[in-house]
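Reviewing the structure listed below.
The values are calculated or read from the model by the stated rules, or taken from the named source; none is laboratory data. Being a predicted model, the structure only gives us computed values, none of them experimental. In this analysis, Cβ positions are derived from the backbone assuming ideal geometry, glycine residues included, and neighbour counts consider all displayed protein chains. Ligands, DNA and RNA are stripped out before the accessible areas are found, and what is left, the full protein with its side chains, is counted by its heavy atoms. Shrake-Rupley method; radii C 1.70, N 1.55, O 1.52, S 1.80 Å.
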Amino acid sequence: MHELPIIESILNIVLKHAQTNNARKVISVHMEIGKLSELEDDWLQRYFDYLSKGTIAEGAKLKIERTPIMMQCDACSVSYEVEMSQMGNLLCPACGTNRGKLLSGKNYYIKSMEVQ
Amino acid sequence: MAGVRLIDVKEEILADNTKQAAAIREDLRRKKTMLVNLMSSPGSGKTSLILRTLDALKGSIKTGVIEADIESTVDAEKVAARGIPAIQLRTGGFCHLDATMVTQGLNALTEHDLDLIIIENVGNLVCPAEFDTGAHKNVMILSVPEGDDKPLKYPLMFSICDLLFINKVDYLALSDFDMSALRQRVLSLNPRIVILEVSCKTGEGIEAWISWLKGEIDAFRQNK
Ligand SMILES: Nc1nc2c(ncn2[C@@H]2O[C@H](COP(=O)(O)OP(=O)(O)OP(=O)(O)O)[C@@H](O)[C@H]2O)c(=O)[nH]1
Ligand SMILES: [Mg+2]
Ligand SMILES: [Zn+2]
């Protein structure tokens with residue numbers, strides 16, 4: 001799994017913003033991660049704790065919001081939400097077509113952070 | 001707590017990789033070198049398929065290979081034994097290749113002025129799906145012994161690929177692999193994916209792959 005490179009990027013972005021905002025400490029980081037991501041919140045936090053040791057982000061809490069998986073129907077172009085468990089078994093709620101294209105669900109995004 | 005402030009960040013976490021991948025695609029487009037990223041679980045047949053492909057393209061398409069292996073160099077050695085330029089990238093335990101690692105591989109291949117470069121990604125159906133390598137085409141292998149339920153477990157990989165090989169079809173008779181259920185599951189996630197049934201052992205289906213590949217290379221050269 002690739003927690004490490006993801007967390008490295010997160011930490012770099014967090015430290016950059018902390019610096020430009022003259023923060024002394026990072027309290028929390030608010031992120032959006034798509035439901036298609038296999039990365040677990042607990043593990044992300046653990047890796048973050050590990051990599052952030054000795055930086056001003058040490059001890060910061062990752063607040064992760066899981067954003068929906070959206071598909072677009074191949075027939076009628078309606079977009080609709082699905083859960084991971086339904087992905088092999090799609091059905092457009094508008095027209096019943098079972099084919100669609102992935103619109104979103106694999107994003108990794110930092111919205112904001114709390115600093116002191 | 002005293003003096004806590006909320007500040008906006010609004011950044012994509014993988015933005016650096018996405019940018020680097022786009023730069024690779026652009027650069028190779030200028031050089032007219034098509035980059036194909038091959039992904040699968042360990043042992044599905046990536047190296048076998050690459051060797052079949054090299055044999056079929058010999059003399060017509062100048063091809064190079066970027067091998068990603070966690071530790072060993074066995075796959076790169078097999079390719080190099082064909083007289084093909086091959087670069088082994090040490091992924092140092094990483095579970096996927098990212099655009100920066102691919103750039104290193106490409107730099108090492110530049111002098112060969114190639115028409116096609118194939119990346120054998122790290123054997124894994126999860127992580128490589130999340131990191132854009134800069135490839136123009138993403139292809140994957142599912143082999144019969146892995147089972148027809150894999151699109152249910154790894155939907156992202158199946159939804160980002162342009163072509164899916166069902167490899168080891170020589171095992172079909174011995175297994176309960178349900179080809180039509182598999183096709184249904186995959187097409188539901190990715191209606192435009194091309195599905196090819198192949199056997200790297202018998203050579204079945206390889207011709208269809210080569211003709212798809214040559215068609216894509218032609219289209220790429222004409223900038224379509
Ligand atoms: N029966 C049969 N065996 C195959 C076929 N394709 C590959 N194999 C065998 O499967 C094994 C693994 O094949 P590789 O080509 O090394 O697979 P890989 O995906 O490169 O493996 P890693 O690089 O270790 O992830 C080898 O013993 C191959 O000979 C096939 O179509 N049929
Ligand atoms: Mg291999
Ligand atoms: Zn529909």
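Considering each residue of the range B:187-198 in turn, none proves to be within 20 Å of residue B:37 (Cβ to Cβ), without any contact (Cβ under 8 Å) to a residue 12 or more places away in the chain, of a type in the set (A, V, I, L, M) and away from every other protein chain (no Cβ under 14 Å).
In this structure, residue A:97 does satisfy being within 16 Å of ligand 3 (Cβ to nearest atom) and open to solvent by less than 70 Å² (accessible area, probe 1.4 Å). Close contacts from the range B:36-55, counting a first residue that is closer than 16 Å to residue B:169 by Cα and a second that is away from ligand 3 (no atom under 16 Å from the Cβ) and β-branched (Val, Ile, Thr), with Cβ to Cβ under 7 Å and a gap of 6+ residues or different chains, come to B:40/B:141; B:44/B:141; B:45/B:141; B:46/B:141; B:49/B:141; B:52/B:206. Only residues that are among the aliphatic types (A, V, I, L, M) and open to solvent by 20 Å² or more (accessible area, probe 1.4 Å) were counted in the range B:90-105, giving 1.
So, residue A:13, is that one at pLDDT 95 or above, within 9 Å of chain B (Cβ to nearest Cβ) and outside any strand (DSSP E or B) or not?
On the way: at pLDDT 95 or above: yes; within 9 Å of chain B (Cβ to nearest Cβ): yes; outside any strand (DSSP E or B): yes.
Considered against the rule, which asks whether it is at pLDDT 95 or above, within 9 Å of chain B (Cβ to nearest Cβ) and outside any strand (DSSP E or B), residue A:13 comes out as yes.
Applying the condition of being under 20 Å from residue B:196 (Cα atoms) and within 16 Å of ligand 2 (Cβ to nearest atom) to the range B:125-140 and asking which residue is farthest from the chain's Cα centre (by Cα) yields B:125. Filtering the range B:126-146 for residues that are acidic (Asp, Glu), at the interface with chain A (Cβ under 9 Å from one of its Cβ atoms) and open to solvent by 30 Å² or more (accessible area, probe 1.4 Å) leaves an empty set. Of all the listed residues (B:114, B:156, B:187), the sole one being within 16 Å of ligand 3 (Cβ to nearest atom) and either open to solvent by less than 50 Å² (accessible area, probe 1.4 Å) or at pLDDT 95 or above (or both) is B:187. When each of A:39, A:62, A:44 is tested for being within 12 Å of chain B (Cβ to nearest Cβ), part of a loop (DSSP other than H, G, I, E, B) and of a type outside the set (Ser, Thr, Tyr), the lone residue that passes is A:39.
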